[in-house]
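K.L.:
Pasting a structure here, questions to come.
The values are calculated or read from the model by the stated rules, or taken from the named source; none is laboratory data. Given the structure is predicted, the values throughout are model-derived calculations rather than measurements. Because the Cβ atoms are built from the backbone with ideal geometry, glycine has one as well, and the counts that use them run over all protein chains shown. Remember, those area values only see protein heavy atoms, side chains included, never the ligands or the DNA or RNA. Shrake-Rupley method; radii C 1.70, N 1.55, O 1.52, S 1.80 Å.
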Amino acid sequence: VQLVESGGGLVQPGGSLRLSCAASGIIFNIYDMRWYRQAPGKQRELVAAVTPSSNTRYADSLKGRFTISRDNAKNMVYLQMNSLKPEDTGVYYCNVQLRSGLEYWGQGTQVTVSS
């Protein structure tokens, strides 16, 4: 199983970024996919999740600014982040948990929100 994130970078407050995660080695269209983030000095936290049929859920604090989506034909999951704030700074990780219980993470992509 391989998860590869991309799309991070430096953005000014109020800006937008779109993160992508390419998944391989799994039957992509049967698993929930998740985005997590880890801010400096803090624990990793769930940002958003999307089911195979594209039902979504979000951390309460992020509703309305972030949108998770997926393309089952391309084995891709995305995170559109709008109205970014400095507190959104961190490393963003793609995650999948298989039916066996095994859990996989990508290498992460850095998002820095700063003027």
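K.L.:
Carbon and sulfur together cover what percent of the accessible area of the range 73-115 at a 1.4 Å probe radius?
P.N.:
47
K.L.:
How large, in Å, is the chain by the Kirkwood hydrodynamic radius built from its alpha-carbon pairs? Could you put the intermediate results ahead of the total?
P.N.:
Values: mean 1/r = 0.0711 Å⁻¹.
Every distinct Cα pair counted, the radius reaches 14.1 Å.
K.L.:
If you don't mind, there's one more thing I want to ask. Of the peptides 31-39, 12-20, how do they stack up when ordered by the mean number of other Cβ atoms within 10 Å, highest first?
P.N.:
Descending packing order for the listed peptides: 31-39, 12-20.
K.L.:
Sticking with this one: Roughly how many Å² is the accessible area per residue of the range 19-81, as a whole number, for a 1.4 Å probe? If you can, show how the numbers build up before the last one.
P.N.:
Details: 3190 Å² over 63 residues.
I get 51 Å² per residue for the range 19-81.
K.L.:
Something else: Give the relative contact order (percent, whole number) for the chain; include only Cα pairs under 8 Å separated by 6+ residues.
P.N.:
Answer for the chain is 36 percent.
K.L.:
Which whole-Hz couplings ³J(HN,Hα) result when phi for each residue of the range 35-43 is put into the Karplus expression 6.51 cos²θ - 1.76 cosθ + 1.60, θ = phi - 60°, listed in order with x for Gly and Pro?
P.N.:
In residue order, the calculated couplings are 10, 10, 9, 9, 7, x, x, 10, 6 Hz.
K.L.:
For L62, what is the net charge nearby, where nearby means another residue's Cβ is under 14 Å from its Cβ and Lys, Arg count +1, Asp, Glu -1?
P.N.:
+2
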